[in-house]
Amino acid sequence: MSDCLFCKIVEGTIPARKVFEDDQVVAFHDIQPQAPVHLLVIPKKHIASMNEWEEGDAALLGHTLLSAQQIAKEAGLADSGYRLVNNCGSDSGQLVFHVHWHILGGEKLAGLNPQTK
C-alpha cells in the first residue's frame, strides 16, 4: 500500500532503526517508546490488522511470532520477561493499519487490570 507507513519502512523509503530483518519480517524501534525496550515486529506483506489474516497466511503468522520470540531473546528480554502486544482496530489503539506486534520490556511492567478504563 503506497500510503502505509510500515510498507514504506519495508521498502526503505522511510528510515527506521531496524533490529531484525529477513525475507518475511522486519523489526525496529518504536519512535514513541512506552518501555525501556519497545520494538515493533511486522510482516513485510501488508495485512491491515489481526482480522485480515487468512488461512493461507498461517506460515507467515507463525514465522512472525517466532521472529518476535527470537528478537526478544536477542534484546535480552527472554529471562526477565516481556509483553507481546497486538492492537486490532481503532478502539484497541491501533494507529498504523499494518499488522504489528509491540515487544515491551526492560523493566517490571505494570499489570493489566480489566476493571480500569
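Quick note: the coordinates plus some simple rules give every number you see, no bench work behind them. Worth saying up front: this structure is predicted, and the values here are computed from it rather than measured. Don't worry about glycine lacking a Cβ; one is built from the backbone with ideal geometry, like all the others, and counts go over all protein chains shown.
How much of the pair distance distribution for the range 1-99 lies past 16 Å, counting alpha-carbon pairs only, in percent?
Cα-Cα pairs of the range 1-99 separated by over 16 Å account for 58 percent.
Kindly write out, for the range 3-13 in residue order, the coupling ³J(HN,Hα) from the Karplus curve 6.51 cos²θ - 1.76 cosθ + 1.60 (θ = phi - 60°), rounded to whole Hz, with x marking Gly and Pro.
For the range 3-13, the Karplus-derived couplings read 9, 7, 4, 6, 5, 5, 5, 4, 5, x, 7 Hz, x marking Gly and Pro.
Assuming a strict under-16 Å limit between Cα atoms, what lysine pair count do you get for the range 5-105 once near-sequence pairs (fewer than 8 apart, same chain) are dropped?
Eligible lysine pairs with Cα atoms under 16 Å apart amount to 5.
Tilt of helix 58-74 relative to the longest C-alpha principal axis of the chain, in degrees (0 to 90, nearest 10)?
50 degrees
Work out, step by step, the length gained on full extension between Ser90 and Phe20: first 0.36 nm times the residue separation, then minus their alpha carbon distance; give nm to one decimal.
My answer for the length gained is 22.5 nm.
Can you tell me the order of 5-12, 30-37 when each peptide is scored by its average per-residue count of other Cβ atoms within 10 angstrom, highest first?
Listed from highest to lowest mean packing, they are 5-12, 30-37.
Relative to the present Cα-Cα distance, how much length would full extension add between Lys8 and Ser80 at 0.36 nm per residue of separation?
Length gained, Lys8 through Ser80: 22.6 nm.
Take each of the peptides 51-62, 77-88, average the number of other beta-carbon atoms within 10 Å over its residues, and list them starting from the highest.
77-88, 51-62
Relative contact order of the chain: what whole-number percent is it, with Cα pairs under 8 angstrom and at least 6 residues apart?
29 percent
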